[in-house]
Amino acid sequence: MEKNQERLPVSTGMKICRVVGIVLVLAAICYIIWCGDFDHKGIVGYVDDCFVFMAAYMFTRGSFLRPERRYIRRQFYMLSSLFALLALCWIILLAFMK
């Protein structure tokens, strides 16, 4: 982007996505701290925590990109969806392992 070009204004939808992203990261941190989830012994129990946090972080990171970077934002949202799907699959797997 050239120095003379003005930046696009942040839309209301992106501002809402930023607030939702911050709430999701805080909820992911609460999920990690919460002792009621399916934490097994060893590394297996912490993989779902990692997936949940990374899904929330990727969504938030994509929401805080400049409006000009639509393609990169879409990639962050796709990674967020992938991590959310992996977290869901892992939580279901842990639920049936007990």
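Of all residues in the stretch 60-77, which are open to solvent by 30 Å² or more (accessible area, probe 1.4 Å), of a type in the set (Lys, Arg) and part of a helix (DSSP H, G or I)?
Residues of the stretch 60-77 that are open to solvent by 30 Å² or more (accessible area, probe 1.4 Å), as a first pass: 61, 64, 66, 68-72, 74-77.
Add one more test, that the residue is of a type in the set (Lys, Arg), and what stays is 61, 66, 69-70, 74.
Answer for the stretch 60-77, where residues must be open to solvent by 30 Å² or more (accessible area, probe 1.4 Å), of a type in the set (Lys, Arg) and part of a helix (DSSP H, G or I): ARG61, ARG70, ARG74.
If you take the residues in the stretch 15-33 that are under 11 Å from PHE53 (Cβ atoms) and touching a Ser or Thr at 6+ places or on another chain (Cβ under 7 Å), which one is least open to solvent (accessible area, probe 1.4 Å)?
Per the criteria, the residue is VAL25.
Only one of these is at pLDDT 95 or above, open to solvent by 70 Å² or more (accessible area, probe 1.4 Å) and closer than 30 Å to MET97 by Cα: TYR57, TYR46. Name it.
Values: TYR46 fails: at pLDDT 95 or above.
Only one candidate qualifies: TYR57.
The values are calculated or read from the model by the stated rules, or taken from the named source; none is laboratory data. The structure presented is a predicted model; accordingly, all values stated were derived computationally and were not measured. Cβ: placed from backbone, ideal geometry, glycine included. Neighbour counts: every protein chain shown. SASA here: full protein model, heavy atoms, side chains in, ligands and nucleic acids out. Shrake-Rupley method; radii C 1.70, N 1.55, O 1.52, S 1.80 Å.
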